[in-house]
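The values are calculated or read from the model by the stated rules, or taken from the named source; none is laboratory data. Not measured: the values here are computed from a predicted model. Cβ sites come from the backbone with ideal geometry, for glycine too, and all protein chains shown count toward neighbours.
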Amino acid sequence: MAAENFTGEDILTRWEGNPAIVIEDVPFRANTVFNGTPIVTENGIFLLLRVEGQQGFSFFALARSQDGLRFEIDDNPVMMPAKDGPFAKYESRGIEDPRATFIDGVCYVMYVAVGRWGSRIALAKTIDYVNYERIGLVSEPGNKDGVLFPRKINGLYVRLDRPIGLDRGSIWISYSPDLLNWGKSEIVMTPRHGYWDDYRIGASVPPIETEEGWLEIYHGVKMTSGGPIYRIGVVLLDLDKPSRVIKRGSMPILSPRTKYERIGDIPNVCFACGAVVDDNGNIKVYYGAADTSICVAESTMKQILSESFQE
Ligand code: BMA
């Protein structure tokens, strides 16, 4: 169960020390810090952070922690938009929303490359979490929210993503033999009329394997006269055929309620980019709040699986 120092009304309970990371914690001049992805290392839990510079474009910094709650940020950013080479013209407006997944012991980071043609999904890998080797631009413009599954399924790498065609934003799935060439794309799920995820949805956390299926923690947007509200919800996907939805939570597991989630550069945003599950089944979800800070909310896998899918 959630520790005593977690409070909240949602299925996820907020850490009482939230926001865990704010701009004052960043040791260089920048505008905001948000949407960080956790990486479990031999030396503690690291967070690859999205930092938005005062110029307006985003890049990545590294925060280090022993307990997954209290972080110290490295003095210098670890990954900047490419200045030369094949990625440069597609990252001219920044790099955003990293999502880290270990596959066969290798730490891959899917992120969004933003250039004048829009958002593309890009892939990098890292050994030391400080140096990042770009592997490929793995979508055309109009796609983002790429998350890798942590293992091959039926011999292929798998990802969820969010291409925009005539749609406002649905979750799709694609497969690859080599992480570079992607295909066999299929729709997985769409926004639901009238619900909290009525307007647009996208994958958020790299899928977590459970006995019941792949738990995908995603974001859903409701459009209101006051602007969008970003919430966090869950869906369970079939282990062998992950394009098949087994069940989808009718309610979010976390909604913006606190001041730090409601007030910021973009109000009313809870936007997760990763989670850590420990050996006892406790889960910490790392999310950006109001595009202005990074927060932590906790639950157990047992609680999420038993309470999130009620009507
Ligand atoms: C999404 C992404 C996120 C951001 C969110 C709320 O579309 O761009 O990076 O946190 O909007 O502004």
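What the table below lists for this structure:
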| read-out | value |
| --- | --- |
| Residue match in segment 239-254 (condition: within 20 Å of Arg200 (Cα to Cα), in contact with a helix residue (DSSP H, G or I) (Cβ under 8 Å, 6 or more places away or on another chain) and surrounded by 16 or more Cβ atoms within 10 Å (Cβ to Cβ)) | yes |
| Test result for Gly136, outside any loop (DSSP other than H, G, I, E, B), touching a Leu at 6+ places or on another chain (Cβ under 9 Å) and surrounded by fewer than 18 Cβ atoms within 10 Å (Cβ to Cβ) | yes |
| Wholly within segment 18-133, strands (runs of 3 or more DSSP E) carrying at least 1 residues that are over 30 Å from Glu209 (Cβ atoms) | 32-41, 44-52, 58-65, 106-115, 118-126 |
| Set Glu311, Glu209, Glu216: member being surrounded by fewer than 24 Cβ atoms within 10 Å (Cβ to Cβ), among the acidic types (Asp, Glu) and assigned to a strand (DSSP E or B) | Glu209 |
| Any hit, segment 102-125, residues being at pLDDT 95 or above, under 23 Å from Ser293 (Cα atoms) and either surrounded by fewer than 20 Cβ atoms within 10 Å (Cβ to Cβ) or away from the ligand (no atom under 16 Å from the Cβ) (or both) | no |
| Some residue of segment 34-44 being at pLDDT 95 or above, closer than 21 Å to Pro206 by Cβ, aromatic (Phe, Trp, Tyr) and within 15 Å of the ligand (Cβ to nearest atom) | yes |
| Tally, over segment 268-283, of residues that are out of contact with any Phe, Trp or Tyr (no Cβ under 6 Å at 6 or more places or on another chain), small (Gly, Ala, Ser) and assigned to a strand (DSSP E or B) | 1 |
| Of all residues making up segment 157-177, the number that are away from the ligand (no atom under 14 Å from the Cβ) and either aromatic (Phe, Trp, Tyr) or surrounded by fewer than 16 Cβ atoms within 10 Å (Cβ to Cβ) (or both) | 7 |
| Contacts under 9 angstrom Cβ, first residue in segment 152-166 being over 17 Å from Tyr111 (Cα atoms), partner in a strand (DSSP E or B) and of a type in the set (S, T, N, Q), 6 or more apart | Leu156/Ser176 |
